[in-house]
Amino acid sequence: MPPPPDLASLSLAEVARLVAEQKLPPVERWNPTHCGNSDMRIARDGTWFHQGSPIGRIEMVRLFATILRREADGGYVLVTPVEKLDIAVEDAPFVAVEMKAEGEGRDTKLAFRLNTGELVTAGAEHPLRFQQTDDGPRPYLHVRGTIGAGLEALVARPVYYELAQIALAGNDTPAGLWSGGSFFALEPDA
C-alpha cells in the first residue's frame, strides 16, 4: 500500500477523488464461521496491538483496518471470506488525526485523515456526533458501515479544538458545524 497523501497539500476536490477511489473488501457480505480471538486490541489512542505488543508496521495496521467490521452485538471482528476473529476495541477503531476545511457556513466541507491514512469527508453519509463524558465532549466521525452501528473515528483533541473554533465562529444556534450540506450540532448527544 502506498503511503497516504498529505492532507494539507490536497484540495477537497482531490480528497473527494481519492475517497471515491478507495476500494475496500466487501466485509459486510462475508459470513464465515467464527474462529476465536485474534489476540489483537485497538487502544483508545488508535494504536494496534497483537499479543500485547504494538504493531509497528503501519502497512499491517492499514491492511487489518480494511477487514475490520462491527457486528450487530456491538463487538468488532477481523473478517475474511473464510474466517472471523474477535478484536478488542477500547473506544473507536480509528482516530481522526488531521482535518482540512474549505468554504464557509452551509458551503463548508470538512475532510479528515485517519490514523490509518484513510480519508473521510463529513456529511450525511459520514456524520459527526458529540458524546458527553466525564472528561468532556468526545467527538466521533462515522467512517463506514451502518450509521450508528458501524465503524467510527474518535476525533483527536487538537482536531476537536479546530472544529470547536469553526463552530463558535459561525452564527448557528445551537453552535455547530456544516459539512457537505449537513449540520452537526456541537452539543453532545443526550
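Which residue is surrounded by the fewest Cβ atoms within 10 Å (Cβ to Cβ), if the candidates are limited to segment 81-94 and must be in a strand (DSSP E or B) and in contact with a helix residue (DSSP H, G or I) (Cβ under 9 Å, 6 or more places away or on another chain)?
Once the filter is applied, the top-ranked residue is ILE87.
Take the conditions of a type outside the set (Ser, Thr, Tyr), modelled with pLDDT under 95, under 17 Å from GLU102 (Cβ atoms) and open to solvent by 70 Å² or more (accessible area, probe 1.4 Å) and apply them to ALA190. Does it pass?
The answer is no for ALA190.
Which residues, taken from segment 131-171, are assigned to a loop (DSSP other than H, G, I, E, B), open to solvent by less than 90 Å² (accessible area, probe 1.4 Å) and either at pLDDT below 90 or within 16 Å of VAL97 (Cα to Cα) (or both)?
Of everything in segment 131-171, those that are assigned to a loop (DSSP other than H, G, I, E, B), open to solvent by less than 90 Å² (accessible area, probe 1.4 Å) and either at pLDDT below 90 or within 16 Å of VAL97 (Cα to Cα) (or both) turn out to be GLY145, GLY148, ALA149, ALA156, GLY170.
When residues of segment 63-80 are filtered for being assigned to a helix (DSSP H, G or I) and in contact with a Leu (Cβ under 9 Å, 6 or more places away or on another chain), how many remain?
Qualifying residue count for the region: 3.
What are the residue pairs meeting all of these: first residue in segment 44-65, first residue under 22 Å from LYS84 (Cβ atoms) and aliphatic (A, V, I, L, M), second residue open to solvent by less than 60 Å² (accessible area, probe 1.4 Å) and not in a loop (DSSP other than H, G, I, E, B), Cβ atoms under 6 Å, and 6 or more apart or on different chains?
ILE55/TRP48; ILE55/VAL61; VAL61/TRP48
Inspect all residues belonging to segment 45-62 and state whether any of them is assigned to a strand (DSSP E or B), crowded, with 16+ Cβ neighbours inside 10 Å and under 14 Å from the mean Cα position of the chain (by Cα).
Taking every residue of segment 45-62 in turn, none turns out to be assigned to a strand (DSSP E or B), crowded, with 16+ Cβ neighbours inside 10 Å and under 14 Å from the mean Cα position of the chain (by Cα).
The values are calculated or read from the model by the stated rules, or taken from the named source; none is laboratory data. Given the structure is predicted, the values throughout are model-derived calculations rather than measurements. We place every Cβ from the backbone using ideal geometry, glycine too, and count neighbours over all the protein chains shown. These accessible areas exclude ligands, DNA and RNA; they are computed on the full protein's heavy atoms, side chains included. Shrake-Rupley method; radii C 1.70, N 1.55, O 1.52, S 1.80 Å.
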